[in-house]
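Participant: First the structure, then my questions, so here it is.
Here, each number is a calculation from the coordinates, and none is a lab measurement. Bear in mind that the values here come from a model prediction, so they are computed numbers and not experimental data. Cβ coordinates were reconstructed from backbone atoms using ideal geometry, including for glycine residues, and neighbour counts include every protein chain displayed.
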Amino acid sequence: MNRIKQLFSNDSKKLIVFITAGFPEKDSTKDLVLEAIKGGADMIEIGIPFSDPQADGPVIQEANEIALKNGITLLEIFEQVKDIRRQTDVPIALMGYYNPILKMGTMDFIKKCKDAEIDGVILPDLPLDESVEFCNNLKDKNISPILLVAPNTAEKRIKKISKLAGDLIYAVSILGITGNDLSSKNNLENYLAKVKENSETPFMVGFGISSNDDVEWFNSFSNGAVVGSAVIKKVLKDRKKGVVENFVKSLKK
Amino acid sequence: MDSLVKKYNMPDKHGHFEEFGGKYVPETLIPALDELEQEYFKSKKDKNFQKEFFNLLKYYGGRPTPLYLAKNISGELGFNVWLKREDLNHTGAHKINNALGQILLARKMGKKRIIAETGAGQHGVATAAAAAKFGLECIVYMGEEDIERQKLNVFKINLMGAKVIPVTSGSKTLKDATNEAIRDWVTNVEDTFYIIGSSVGPHPYPMLVRDFQSVIGTETKKQFKDITNNELPDRLVACVGGGSNALGLFYPFIDDDVKIVGVEAAGKGIDTNQHAATLTKGEFGVLHGAASMLLQSNDGQIALPYSLSAGLDYPGIGPEHSYLQKTKRVEYSSATDNEALEAFKWLSEKEGIIPALETAHAVAYLKNKNNNIKKNEHVILNLSGRGDKDINTIAKELGIEL
């Protein structure tokens, strides 16, 4: 069984932490990921930096810019993940945009994911209609394609998306980009209930989740909460060792 | 044409031009694109919509634009150069055709807020005009670098009551303005209509922008026949950034026996790393919602394009152009900054017509030694815009202070 499927097979509350690869220094990835795990993260998303991150707000945009200035490449990210894998069994998903993957070649990318023991792939600009072949190729290698749904996704489509994904889907909490403010809890509750009812897989929720209260609240309506921009924001402010670990601890307590 | 020959019928129902095109967007935008597609197909069949659109083009936009035989340069070149005078449109370029079409869709869909991206500012001006006419709120995203290059257009946009939001991320040009517009749209998708300015972006945009612009080619075909009694011209030429003025002229001729040429911006030369010649030098990729040819690094990062003209300074190109290149239906050439500058001065001096810097790239093709244009050929060039907006850039290049 792949690690993501295994993790989401139990009912415990889950915290998923997002770290941009190659940020703030090119070789920071491993340290920050291990800090997040030490702080209590149940799963890690590693962001592949991209020059034109259209689904991201200013915080993750800045992290992307810094990482690209540091010269991080997709090939190096695979090496970093291999290195991280030697020290942890926590599920790791890559999150990025489609173009760098296309440039590498999708089959080559999937093979490298397999070699680096990556458990899932999240591509916000590759929606259902364009991703069938790619998702099936990932699943052939026992890697989970984590497709996204949004508050305006129709019920039927949630079903279709979760069916293709197979193991886990990612519910975007808001109409918007990463780091935006959350909408009213009332709207959110209705939306998450709709996802729960229609999804054939467990689902995690992300975008705009930044505090312990948020994490608690989202976990009571879903199978996991993703914190991204809030973590990156901490690192942008203070690069000291332990910042990520302490913040993740505060989210998990 | 042989009736057995299959008529051009692109894109397919999923918005693909074979491997190009499609909808590579965040899930949040899928319902909006589906809704837009439905509304568009409905409007296409709706006689009242079509009538309203053509009346707007006529009485507000100033159509039809003339097809003009440029005798002085024709005499010099030894073939007939016909200029399709899109520069005479309201707001100074072909962009108004598309802005008016899309704003009618926005109204039908009940959207109250209009957003747009702009490079040279022509699309920003056209959208601001259309939004002012229909009393809709309008936000225009524009790269900081382009704001500097195109101050006059920024001023015009503001005069018409729209707001210009400077974009400071990335290269601070058109590609970044487009990213920002997409982010806005994802966030405000419920009440906002995104008027994309070229035949780029996710389906159905490349198709509907082409269709709204194809009034250029449809008019041209009729005008050429009426004036010359010839069935068809020999060759069509247009500049290509995203590619909407080119497709507007080309599309109605696509099944005809006419040679078609698109001219990209070669900046400082296609053998330097400072150009915007996407089809000449790019590779397959995905940006801004569509699969197409792209200027990119070995690691799949989007490359910073360069052209003296802000309207061609874009690392991608409309997916249909990638398809037309692949199938060899259209030939793609390029012109450097210097060639465009020379052409800009040449057309101004010889014909008394100051072209936009973008358009000057197409004009430069006429003098390209490798164009193989035969004596007495009839060449139609899409004079897509006027050069008023470029006066500061040109003066600077010529070392003149205004």
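Participant: Counting other beta carbons within 10 Å of each residue's own, what order do B:169, B:334 fall into, fewest first?
Facilitator: Sorted ascending by nearby Cβ count, the order is B:169, B:334.
Participant: Here's a follow-up. Looking at chain B as a GNM with Cα springs under 10 Å, which of B:270, B:182, B:317 has the largest mean-square fluctuation?
Facilitator: B:270
Participant: Continuing with the same structure: For the range B:349-402, which trypsin sites (Lys or Arg not before Pro) are in a loop by DSSP, counting at most 14 other Cβ atoms within 10 Å?
Facilitator: In loop regions of the range B:349-402 (DSSP not H, G, I, E or B), the sparsely surrounded trypsin sites (Lys or Arg not before Pro) are B:369, B:374, B:375.
Participant: How many angstrom lie between the C-alpha centres of the range B:244-292 and the range A:28-80?
Facilitator: Cα centres, the range B:244-292 to the range A:28-80: 34 Å.
Participant: Continuing with the same structure: Across the range A:37-178, how many lysine pairs, 8 or more apart or on two chains, come within less than 13 Å at their alpha-carbon atoms?
Facilitator: 8
Participant: OK, next. Going by amide H atoms built from the backbone, whose H comes under 5 Å of the H on residue B:63, apart from near neighbours?
Facilitator: Distant-sequence amide H within range of residue B:63: B:58.
Participant: Could you pull out the longest piece of chain B with no exposed loop chymotrypsin sites (Phe, Trp or Tyr not before Pro) in it, calling a site exposed if DSSP puts it outside H, G, I, E, B and it has at most 16 other Cβ atoms within 10 Å? Provide the component values of the computation, followed by the final result.
Facilitator: Numbers: sites that count: B:8, B:134.
Maximal segment without exposed cleavage sites: B:135-402.
Participant: Hey, could you pull the Cα Rg and Dmax for the protein assembly as shown, both in Å?
Facilitator: So, for the protein assembly as shown, Rg and Dmax equal 25.7, 83 Å respectively.
Participant: On the principal axes of its Cα set, how long, how wide and how thick is the range B:253-402? Give whole Å, largest value first.
Facilitator: 43, 41, 25
Participant: If you average 1/r over every pair of different alpha-carbon atoms in the range A:12-68 and take one over that average, what Kirkwood value in Å do you get? Don't skip to the answer; put the middle values down first.
Facilitator: Details: mean 1/r = 0.0850 Å⁻¹.
For the range A:12-68, the Kirkwood estimate is 11.8 Å.
Participant: Let me ask something else about it. Hey, which lysines would be in cross-link range of residue B:156, C-alpha to C-alpha under 17 Å, not counting anything within fewer than 8 residues on its own chain?
Facilitator: Reachable lysines: B:95, B:133, B:389.
Participant: Per residue of the range B:266-282, what does 6.51 cos²θ - 1.76 cosθ + 1.60 with θ = phi - 60° give for ³J(HN,Hα)? Whole Hz please, x for Gly and Pro, Karplus curve as stated.
Facilitator: Each residue's phi maps through the Karplus curve to give 8, x, 8, x, 6, 8, 9, 9, 10, 7, 10, 8, 4, 6, 6, 10, x Hz.
Participant: Specify, per residue and in Å³, the volume enclosed by the convex hull of the alpha carbon atoms belonging to the range A:110-253. Don't skip to the end; give the middle numbers.
Facilitator: Details: hull volume 17.7 nm³, N = 144.
Here the figure is 123 Å³ per residue.
Participant: Taking the range A:4-44, which trypsin sites (Lys or Arg not before Pro) meet the DSSP loop condition and have no more than 16 other C-beta atoms within 10 Å?
Facilitator: Listed in order of number, the matching sites are A:13.
Participant: Near the amide H of residue B:117, under 5 Å away, which other amide H atoms are found, from residues 5 or more places off or on another chain, if H is placed in the peptide plane?
Facilitator: Sorted by chain and number, the residues that satisfy this are B:141, B:197.
Participant: Which one of B:330, B:200, B:125 has the biggest mean-square fluctuation once chain B is modelled by GNM with Cα springs under 10 Å?
Facilitator: Among B:330, B:200, B:125, the largest mean-square fluctuation in the Gaussian network model of chain B belongs to B:330.
Participant: Now a separate question. Compute the orientation-averaged projected area for the range B:318-390 from the convex hull of its Cα atoms and round it to one decimal in nm².
Facilitator: One quarter of the hull surface, i.e. the mean projection, equals 5.8 nm².
Participant: Continuing with this model, one more query. When only C-alpha pairs under 8 Å and at least 6 residues apart count, what is the relative contact order of chain B, in percent?
Facilitator: Worked out over chain B, it gives 19 percent.
Participant: Another question, then. List the residues, sorted by chain then number, that are 5 or more residues from residue B:236 or on another chain and whose placed amide H is less than 5 Å from its amide H.
Facilitator: B:259, B:260, B:261, B:380
Participant: For the range B:5-85, compute Rh as the Kirkwood radius over C-alpha pairs and then the Stokes-Einstein diffusion coefficient at 25 °C and 0.890 mPa s; write the answer in µm²/s, rounded to an integer.
Facilitator: 144
Participant: Please identify every one of the GluC sites (Glu not before Pro) in the range A:1-93 that sits in a loop by DSSP and has no more than 15 other beta carbons within 10 Å of its own beta carbon.
Facilitator: A:25
Participant: Among the DSSP beta bridges whose two residues both lie in the protein assembly as shown, what percent are antiparallel, rounded to the nearest 5?
Facilitator: 20
Participant: Which of B:115, B:147, B:227 moves most in a GNM of chain B, Cα contacts under 10 Å?
Facilitator: B:227
Participant: Tabulate in residue order the Karplus-calculated ³J(HN,Hα) for the range A:44-61, using 6.51 cos²θ - 1.76 cosθ + 1.60 with θ = phi - 60°, rounded to whole Hz; enter x for Gly and Pro.
Facilitator: These are the phi-based 3J(HN,Hα) values: 10, 9, 9, x, 8, x, 9, 5, 9, x, 6, 9, 10, x, x, 5, 6, 4 Hz.
Participant: In whole Hz and in residue order, list the ³J(HN,Hα) couplings for the range B:12-20 that follow from phi through the Karplus curve 6.51 cos²θ - 1.76 cosθ + 1.60, θ = phi - 60°; x for Gly and Pro.
Facilitator: Rounded to whole hertz, the list is 6, 5, 9, x, 9, 10, 6, 7, 9.
Participant: Would you calculate a helix-derived [θ] at 222 nm for the protein assembly as shown, using -39,500 (n - 2.57) for each DSSP H run of n ≥ 4 and dividing by the full residue count, to the nearest 500?
Facilitator: Counting only the DSSP helices, I get -13000 deg cm²/dmol.
Participant: Which entries of B:172/B:396; B:151/B:367; B:13/B:221 have Cα-Cα distances beyond 25 Å here? Intermediate values should be presented prior to the final figure.
Facilitator: On the way: B:172/B:396 20 Å; B:151/B:367 31 Å; B:13/B:221 28 Å.
In this structure, B:151/B:367; B:13/B:221 lie more than 25 Å apart at Cα.
Participant: Taking the C-alpha atoms of the range A:145-200, how large are the radius of gyration and the largest Cα-Cα span, Dmax, in Å?
Facilitator: Expressed in Å, the Cα Rg and Dmax of the range A:145-200 come to 11.1, 30.
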